[in-house]
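See below for the structure under consideration.
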Number of protein chains: 2
Amino acid sequence: MKMGYNASRFVCGAVCRNRVTQAMGRNENSAIGLRRFRVVRPEESGLVAEQVVAQIRDMIRQGSLKPGDRLPPERELAKRLGISRASLRHGLRFLGAIGVLTSRHGSGTYIADGPPALDSEPLRILADLHQFTPDEMFEARKLLEVGLAGLAATNAQPEHLATLAEEVTEMYATLDNPQQYLIHDIRFHRAVAAASGNQILAAIMNMVSAAMYESRRATVERATDLKESVEFHRTIYRLIRAGKSDEAKAAMSRHLELAQQAFASEEAPKENAVSAGRVHHRTRKGPRKSAVN
Amino acid sequence: MKMGYNASRFVCGAVCRNRVTQAMGRNENSAIGLRRFRVVRPEESGLVAEQVVAQIRDMIRQGSLKPGDRLPPERELAKRLGISRASLRHGLRFLGAIGVLTSRHGSGTYIADGPPALDSEPLRILADLHQFTPDEMFEARKLLEVGLAGLAATNAQPEHLATLAEEVTEMYATLDNPQQYLIHDIRFHRAVAAASGNQILAAIMNMVSAAMYESRRATVERATDLKESVEFHRTIYRLIRAGKSDEAKAAMSRHLELAQQAFASEEAPKENAVSAGRVHHRTRKGPRKSAVN
DNA sequence: CGGACCCAAGTGGTCTGACCATTTCAGAAT
DNA sequence: ATTCTGAAATGGTCAGACCACTTGGGTCCG
């Protein structure tokens, strides 16, 4: 029997008993009065769900909860924190929303593992809400990735270089399959971010990159010159391996410049109908060539 | 009577009736069988709560929901989507978690307004989970802000320049009050981000900046040379106003370099006890001078 | 013995209906 | 006109039930 988590690790201090839950009948005397007796610790302010987040957060801080760990069952955890399961789930939902933990129906709730990652959904929704333009997206990517390429040239470890080489190879192998190509393209850039040695920047870059994925997936089919694109990646890889920071940055900059132009030219007018109303294609400097990122 | 939202705007397509909710007694024949009759549209997969997010997202995309708008009451919205209030709240919680909407007890639920912003909590938790170092944080800030300063020099509008000037003035005025100074310091950097003209980068930068706030707040008290700091800000402001992109970037770079060193030297060993176990202070190149950001 | 199948326990997901707590605002009191 | 007050509106919490998926051990064949 492997439990996956050690129940004893769960400290149940502070919030646990900050509430004297009443449980006596509610159906009788449903009349007015009868305020629930409730003891709230002064330092703990409102919103039960927030307390859940704080609790889990603290456990993470203290190292009681590590990536990959499984949380106790909701029913048990709720009882331990002295709150209802609904409220507990509300709190967990918050942590789930930001990507800190994931729930598997029938199995359990787990702390996210793998490399640090920020969910891209927030950025996507923000883009919808404020109607970001693809140009802004590309500009952001440019700023991030150019810097990242420079750092990668300085800090890349052998395993990172191996990954980069691998992805370049795969890109060559999938030149005739845009969708497949795009995947390796993205993995390459992800690998550059990882090679930078800065997890925060890598997480941010991946967030931006992921938020753009859908659009690129749609336009990549119309790409006409993947060959040029892959050559660029190869160049960037070589410069990173050679530790030539400034040149790697320059190459990445040029690459993204071209990718942006290509994207703009590939973006065809929507088939109208459904998703109208979204601001798009403001750039149309349309170059002849067409490369994918 | 001002409603704040137009109920008729809420399209209730797709998901609304994808489920034939049963309601017949459950207390009798609590025995086994009796699977609920449920019709699920093929294209709509699992998780009801996800559908809520998708619905709201679509409304935002279509422009039915704009920043500042109020959503319909939960009870009504739940009925309209054909789901329980609990599930609806679960979905809304997601959107709340990522900062897209906020609920005001007793008043209603509103779409976030103001400039686009990414919540910093995810980054904070990620930092706890993966034990990011202050150095990494600073490096990320450096990369972002240096680029942002360059963009600001190119794109800054008069109102942005006014804000920058204002904050520099306030910094001079609060030299003897570190906490107050820090606030204007942060506002200055926020203004630079806004002046860049790229909302995405601004949002990201603010996220990183906000995630660092607590630590800085703790160390700022020990800052010894705010004067030097404010001079730097003034220089940066002038370069941005003059449109000197590269020089603004260089100044910002130097400024953050010093700030990082200052932070490292101001960071005193914790009073042990409570928050032990967190990785910190790996840098200790300790310069003499001490400035805040 | 080994593999396919089955089923019961465990656990997350959803539903319902009630009550609590805060905000808001129209109507009464001043 | 201003202030006060209370009911309505609305989000927050709770309780207990049932549904749906996963997992693991046992059974049943081959």
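The values are calculated or read from the model by the stated rules, or taken from the named source; none is laboratory data. None of the values given here were measured: they were computed from a predicted structure. Quick reminder, even Gly has a Cβ in these numbers, built from the backbone with ideal geometry, and neighbours come from all protein chains shown.
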Notebook entry, point to check: Does B:Glu170 satisfy being assigned to a helix (DSSP H, G or I) and more than 29 Å from A:Gly147 (Cα to Cα)?
Noted result: yes
Next item on the list: All but one of (1) among the hydrophobic types (A, V, I, L, M, F, W, C); (2) more than 7 Å from chain A (Cβ to nearest Cβ); (3) within 12 Å of DNA strand D (Cβ to nearest atom); (4) out of contact with any helix residue (DSSP H, G or I) (no Cβ under 6 Å at 6 or more places or on another chain) hold for B:Met59, so report the exception by its number.
Entry: (3)
Check: Quick one: B:Ile125 ticks every box in (1) within 8 Å of chain A (Cβ to nearest Cβ); (2) within 14 Å of DNA strand D (Cβ to nearest atom) bar one, so which box is it?
Finding: (2)
Notebook entry, point to check: Taking segment A:128-137 on its own, how many of its residues are within 8 Å of chain B (Cβ to nearest Cβ) and either at pLDDT 95 or above or assigned to a helix (DSSP H, G or I) (or both)?
Noted result: 5
Notebook entry, point to check: What is the number of the single condition among (1) within 16 Å of DNA strand C (Cβ to nearest atom); (2) more than 9 Å from chain B (Cβ to nearest Cβ); (3) crowded, with 19+ Cβ neighbours inside 10 Å that A:Ile111 does not meet?
Noted result: (2)
Margin query: Residue under question is B:Ser229, and the condition is that it be under 18 Å from A:Gly147 (Cα atoms) and in contact (Cβ under 8 Å) with a residue 24 or more places away in the chain; does it hold?
Written below: no
Next item on the list: Considering only residues that are more than 10 Å from every other protein chain (Cβ to nearest Cβ) and not hydrophobic (A, V, I, L, M, F, W, C), look in segment B:46-56 and name the one that is surrounded by the fewest Cβ atoms within 10 Å (Cβ to Cβ).
Entry: B:Glu50
Next item on the list: Could you list all residues from segment A:69-83 that are away from DNA strand D (no atom under 11 Å from the Cβ), more than 11 Å from chain B (Cβ to nearest Cβ) and either within 21 Å of A:Pro122 (Cβ to Cβ) or not basic (Lys, Arg) (or both)?
Entry: A:Leu71, A:Pro72, A:Pro73, A:Glu76, A:Leu77
Margin query: Here is a list: B:Ala86, B:Ala140. Which entry is at the interface with chain A (Cβ under 9 Å from one of its Cβ atoms), of a type in the set (A, V, I, L, M) and within 16 Å of DNA strand D (Cβ to nearest atom)?
Written below: B:Ala86
Item checked: Residue list for segment B:89-115, filter: of a type outside the set (Phe, Trp, Tyr), more than 9 Å from DNA strand D (Cβ to nearest atom) and assigned to a helix (DSSP H, G or I) -> B:His90, B:Gly91, B:Leu95, B:Ala97
Margin query: Taking the conditions exactly as written (of a type in the set (A, V, I, L, M, F, W, C) and either within 16 Å of DNA strand C (Cβ to nearest atom) or in a helix (DSSP H, G or I) (or both)), does B:Leu118 satisfy them or not?
Written below: no
Next item on the list: Return yes when B:Pro72 is touching a residue at least 60 places away in the same chain (Cβ under 8 Å), away from DNA strand C (no atom under 15 Å from the Cβ) and in contact with a Phe, Trp or Tyr (Cβ under 9 Å, 6 or more places away or on another chain) and no when it is not.
Entry: yes
Check: Before we move on, is B:Ala152 touching a His at 6+ places or on another chain (Cβ under 8 Å) and either away from every other protein chain (no Cβ under 14 Å) or crowded, with 23+ Cβ neighbours inside 10 Å (or both)?
Finding: yes
Note to self: Out of the helices (runs of 4 or more DSSP H) lying entirely within segment B:197-293, which hold 2 or more residues that are among the charged types (D, E, K, R) and at pLDDT 95 or above?
What the structure shows: B:226-241, B:245-266
Notebook entry, point to check: Of all residues in segment A:89-104, which are over 20 Å from B:Ala127 (Cβ atoms) and within 8 Å of chain B (Cβ to nearest Cβ)?
Noted result: A:Arg89, A:His90, A:Arg93
Notebook entry, point to check: Hey, A:Pro116 hits all of (1) facing chain B (nearest Cβ under 7 Å); (2) at pLDDT below 95; (3) closer than 15 Å to B:Ile200 by Cβ but one; which does it fall short on?
Noted result: (3)
